[in-house]
Amino acid sequence: MEQSNLEMECLIKKNLNQSVSSVSFSTVWDKHKRGSRKILGVKRAIAVPVSTFISLFALLIVGFTFAAIEDNTDYPFIDDASVIGKWQTVDYVKSPEQFTPGEKSEKGDLFLSELVFINEGQMLTAMGNGNGKLAPSTFTWTKGLVLNKQEKTAGKYEIKEINGSDYMFFEFKSGDYTYFHMKPKYFVLNKVDNLDYSDYKSAVIQDKIDFPFVDDPQLIGTWEAVDYVETIDDFNAGTRSARGELFLSQFDISENGKISGLTSEDKIPEGLLTWTKGLIIDQEGKTASKYEIKELKGETYLFYEWKSGSYTMRGMTPEYYVLKKVQ
């Protein structure tokens, strides 16, 4: 049940912060291409503990009464040769003392699959719902700490030798910690190798983008983002499932394949996106995202397949922005 707690927490956090950015458009779009915009992908929990329902109910009734915790993440880099290399997750526990080698307290696949520590504080991660593919991470490290400067968390790590093997106990500061002020739990990782992954190159998915232009008059117009959903069927017109400010704000779609628009921080660079019937194409990121237009409750909606780094770097299924036609 602990893993279900983790997955539900990530779902809550995603809904609260979907596509919110505090940096410039160019920075976020670069992360979109490199795979770091959504490092922590989400699986829907199959079994949800009663305590999670209580937390959700309280959240809906009274909202957040706690200020989100923000750790200090401004630490100088201090080397730690013992941490360099690949570590594979073997368990997820309440405390290091709870771990027993060869026994697993969590059932099923663990959310975090692998961590790779690289020289000078860089890291790679592999997620259980990302087909186990290593990709660049928002995490960085310094001796004794794993830092997430976007989420403002500093999780301690400790290495112990147990029965001749090296194990890392990584304090995972999820939204249970930052939003609900709960005590962090620990991923337990076993060291796989001491290799230097500095030159590691992730296999990047690149779609075919060389399509002839085909007109689609119903696409032309101004569209305002109203929601972000996992699947098209998840959208309920008039009800918003995503929490917080949406990163994508507006599309202005004109004739001959031209797209301009706005994000929560900036304008979409000219020529970055183009369109042809059925597809919106990212010329730099080399992705071709499907779109679908539907009439719902007297309004016209555009469902835009959002091919973030979770798709290009990890092979995860894209989710959707929902935009309503305003003119």
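Would you say L296 is assigned by TED's automatic domain parsing to the domain that holds F235 and within 20 Å of I232 (Cβ to Cβ)?
Here the answer is yes, as L296 does meet what is asked.
As an exercise: evaluate K258 against (1) surrounded by fewer than 16 Cβ atoms within 10 Å (Cβ to Cβ); (2) under 28 Å from L112 (Cβ atoms) and give the number of the one condition it does not meet.
(2)
Condition first: surrounded by 13 or more Cβ atoms within 10 Å (Cβ to Cβ) and either free of Cβ contacts under 8 Å to residues at least 60 places away in the same chain or touching an Asp or Glu at 6+ places or on another chain (Cβ under 7 Å) (or both). Now tell me which residues in the range 191-211 satisfy that.
If the condition is that a residue be surrounded by 13 or more Cβ atoms within 10 Å (Cβ to Cβ) and either free of Cβ contacts under 8 Å to residues at least 60 places away in the same chain or touching an Asp or Glu at 6+ places or on another chain (Cβ under 7 Å) (or both), then K191 is the only one that fits.
Hey, any hits in the range 281-304 for a residue that's of a type in the set (G, A, S), under 26 Å from M127 (Cα atoms) and out of contact with any helix residue (DSSP H, G or I) (no Cβ under 6 Å at 6 or more places or on another chain)?
Checked against the condition, which is being of a type in the set (G, A, S), under 26 Å from M127 (Cα atoms) and out of contact with any helix residue (DSSP H, G or I) (no Cβ under 6 Å at 6 or more places or on another chain), the range 281-304 yields at least one hit.
Yes or no, residue by residue, for (1) within 28 Å of the chain's Cα centre (by Cα); (2) within 30 Å of E114 (Cβ to Cβ); (3) modelled with pLDDT under 95:
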| residue | (1), (2), (3) |
| --- | --- |
| D199 | yes, yes, yes |
| S202 | yes, yes, yes |
| P217 | no, no, no |
| A225 | yes, no, no |
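Given the structure, is D74 within 24 Å of the chain's Cα centre (by Cα) and at pLDDT 95 or above?
Spelling it out, D74 is indeed within 24 Å of the chain's Cα centre (by Cα) and at pLDDT 95 or above.
Looking at the structure I just gave you, is L195 part of a loop (DSSP other than H, G, I, E, B) and in the same structural domain as K133 (by TED's automatic domain parsing)? Steps first, answer last, please.
Values: part of a loop (DSSP other than H, G, I, E, B): yes; in the same structural domain as K133 (by TED's automatic domain parsing): yes.
Judged against the criteria, L195 is a match.
What are the residues in the range 138-166 that are among the hydroxyl-bearing types (S, T, Y) and surrounded by 21 or more Cβ atoms within 10 Å (Cβ to Cβ), if any?
Once the filter is applied, which keeps residues that are among the hydroxyl-bearing types (S, T, Y) and surrounded by 21 or more Cβ atoms within 10 Å (Cβ to Cβ), the range 138-166 yields T153, Y157.
How many residues are outside any loop (DSSP other than H, G, I, E, B) and surrounded by fewer than 22 Cβ atoms within 10 Å (Cβ to Cβ) if we restrict to the range 307-327?
Of the residues in that region, 2 qualify.
Residues that are among the small types (G, A, S) and assigned by TED's automatic domain parsing to the domain that holds G85: does the range 171-181 have at least one?
yes
For the range 250-259, indicate whether the set of residues that are within 30 Å of F111 (Cβ to Cβ) and either aromatic (F, W, Y) or not assigned by TED's automatic domain parsing to the domain that holds P136 (or both) is non-empty.
no
Give the residues of the range 241-255 that are surrounded by fewer than 17 Cβ atoms within 10 Å (Cβ to Cβ) and part of a loop (DSSP other than H, G, I, E, B), sorted by residue number.
S241, R243, G244, E245, E255
Answer yes if at least one residue in the range 285-306 is touching a strand residue (DSSP E or B) at 6+ places or on another chain (Cβ under 9 Å), in a loop (DSSP other than H, G, I, E, B) and either aliphatic (A, V, I, L, M) or surrounded by 14 or more Cβ atoms within 10 Å (Cβ to Cβ) (or both), and no otherwise.
No.
Exactly one of (1) crowded, with 19+ Cβ neighbours inside 10 Å; (2) in a helix (DSSP H, G or I) is unmet by E120. Its number?
Here E120 meets the rest and fails (1).
Considering every residue within the range 142-150, establish whether at least one is closer than 19 Å to S310 by Cα, within 12 Å of the chain's Cα centre (by Cα) and assigned by TED's automatic domain parsing to the domain that holds E171.
Yes: the range 142-150 contains one or more residues that are closer than 19 Å to S310 by Cα, within 12 Å of the chain's Cα centre (by Cα) and assigned by TED's automatic domain parsing to the domain that holds E171.
The values are calculated or read from the model by the stated rules, or taken from the named source; none is laboratory data. Everything numeric here is computed off the predicted structure, so don't read it as measured data. Glycine gets a Cβ as well: all are built from the backbone with ideal geometry, and neighbour counts include every protein chain shown.
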